[in-house]
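A short write-up of the structure that comes next.
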Amino acid sequence: MTLHTRLTEILGIEHPIISAPMAFAAGGKLAAAVTAAGGLGLIGGGYGDADWLEREFAEARNARIGCGFITWSLAKRPELLELVLAHSPAAVMLSFGSPTPFASRIKGTGAKLICQVQNMEHTRAAVDVGADIIVAQGAEAGGHGLVRATFTLVPEIADYLATAAPAAALVAAGGIADGRGLAAALMLGADGALIGSRFWASAEALVHTAFQKAAIAADGDATTRTTVVDIVRKIGWPKPFTARVMKTRFVNEWHGREAELGEPALFEREMNRYLTAMQSGDPDNTGVWVGEATGLIHDVRPAADLLQKIVGDAEHVLGDKARSFVRGP
Ligand SMILES: Cc1cc2nc3c(=O)[nH]c(=O)nc-3n(C[C@H](O)[C@H](O)[C@H](O)COP(=O)(O)O)c2cc1C
């Protein structure tokens, strides 16, 4: 059995799964492993570090992968797009900002343009620039995002695309970590899933094992949306985006007291605390970047195992289990 969708067709992949371009966490090894397992792996271009990008493309050893950018950050360093395009990516994903300045350049190379959107306004902008693939990201997602939930955002966008851009594929993101999630996404009208948190807890992710352990020990109540993790890193995220992270001691201490971090000496101390703990793997004193799916993550496994299990379970749910609900001749 295989799951054949418009996403598998457009990308020429076996399974309708894309791994999220998670800043700092999704390097070349993870992207290549997801591609080798039949999905499409994306490197996390994040805030843009040319050396890091070159190193991670080298780690991917010419695997057919793509790369994702934080669009407002790319706008400050547009030359990074050329660096990535020189590696002939299968796809480039833009998220969090206007795709307009970059869309035609990306599409002109033959790479598929993926736009991650958080609401209908973003969706219309993605359609206007001719996105090949639109990722509907719900607020359950780990990392940055907005407030709409996956469960209503995906079908609403599916309905919109049916008339506005019938050739575009729709991918669901936010809270999908197992076969049930993938199956549900397909039933809501998506052509596949973009998965972050579950691959963050994989053997290939560039994530300290202490953070993965903290996420495994936590349930899905353990995350929140906040800006303190950006403020303390001096990263000027545009409003109204916030980040979903675990409610660590650091986050609990500062969430709601953001203004106090304006005091220079205190800011310096807390920034050092955050960055040192991020390096050393001390979850209490930093941000742990994972979504509500943390409650569905119980182990760290190779990305290929995760992908195969998700796809296998989705096939089962969509086949035998779905049929078991239907009665009558
Ligand atoms: C650790 C982490 C870092 C992320 N970094 C980025 C990023 O740099 N750019 C981006 O477009 N999305 C980023 N995201 C969001 C993902 O693209 C995706 O929407 C999300 O992971 C999907 O929800 P899930 O985490 O429940 O699977 C990140 C997510 C996580 C968990």
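The values are calculated or read from the model by the stated rules, or taken from the named source; none is laboratory data. This structure is a prediction, so every number in the text was calculated from the model and none was measured. Please note: Cβ atoms are built from the backbone with ideal geometry, for glycine as well, and neighbour counts cover all protein chains shown.
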Review point. Tell me, which helices (runs of 4 or more DSSP H) lie completely within segment 177-258 with 3 or more residues that are touching a residue at least 40 places away in the same chain (Cβ under 8 Å)?
Key: 179-187, 197-200, 209-217
Review point. Looking at segment 132-149, which of the residues that are surrounded by 24 or more Cβ atoms within 10 Å (Cβ to Cβ) and more than 8 Å from the ligand (Cβ to nearest atom) is nearest to THR8 (Cα to Cα)?
Key: ILE133
Practice item. Kindly check whether there is at least one residue in segment 111-129 that is among the polar types (S, T, N, Q), in a strand (DSSP E or B) and without any contact (Cβ under 8 Å) to a residue 60 or more places away in the chain. Key: no
Exercise for review: Determine the pairs where a residue that is closer than 15 Å to ALA37 by Cβ, located within segment 302-329, has a partner that is acidic (Asp, Glu) with Cβ atoms under 8 Å apart, the partner being 6 or more residues away or on another chain.
Suggested key: PRO302/GLU204; ALA303/GLU204; LYS309/ASP178; ILE310/ASP178; ASP313/ASP178
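Just checking, which of GLY130, GLY138, GLY108 is at positive phi and modelled with pLDDT of 95 or more? Before you say what the answer is, go through the steps one by one.
Values: GLY138 fails: at positive phi; GLY108 fails: at positive phi.
Being at positive phi and modelled with pLDDT of 95 or more holds for just one of GLY130, GLY138, GLY108, which is GLY130.
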Check your understanding: If you go through segment 251-272 one residue at a time, do you hit one that is surrounded by 15 or more Cβ atoms within 10 Å (Cβ to Cβ) and within 14 Å of the ligand (Cβ to nearest atom)?
Key -> no
Practice item. Tell me, yes or no, whether segment 226-249 has at least one residue that is more than 14 Å from the ligand (Cβ to nearest atom), surrounded by fewer than 15 Cβ atoms within 10 Å (Cβ to Cβ), modelled with pLDDT of 95 or more and farther than 30 Å from HIS122 by Cα. Key: yes
Exercise for review: Scan segment 293-311 and give yes if some residue there is acidic (Asp, Glu) and either at pLDDT below 95 or closer than 26 Å to ALA149 by Cβ (or both), otherwise no.
Suggested key: no
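Being farther than 25 Å from ALA36 by Cα and either surrounded by fewer than 12 Cβ atoms within 10 Å (Cβ to Cβ) or away from the ligand (no atom under 14 Å from the Cβ) (or both): is that true of PRO78 here? Lay out the reasoning, then the answer.
Details: farther than 25 Å from ALA36 by Cα: yes; either surrounded by fewer than 12 Cβ atoms within 10 Å (Cβ to Cβ) or away from the ligand (no atom under 14 Å from the Cβ) (or both): yes.
Yes.
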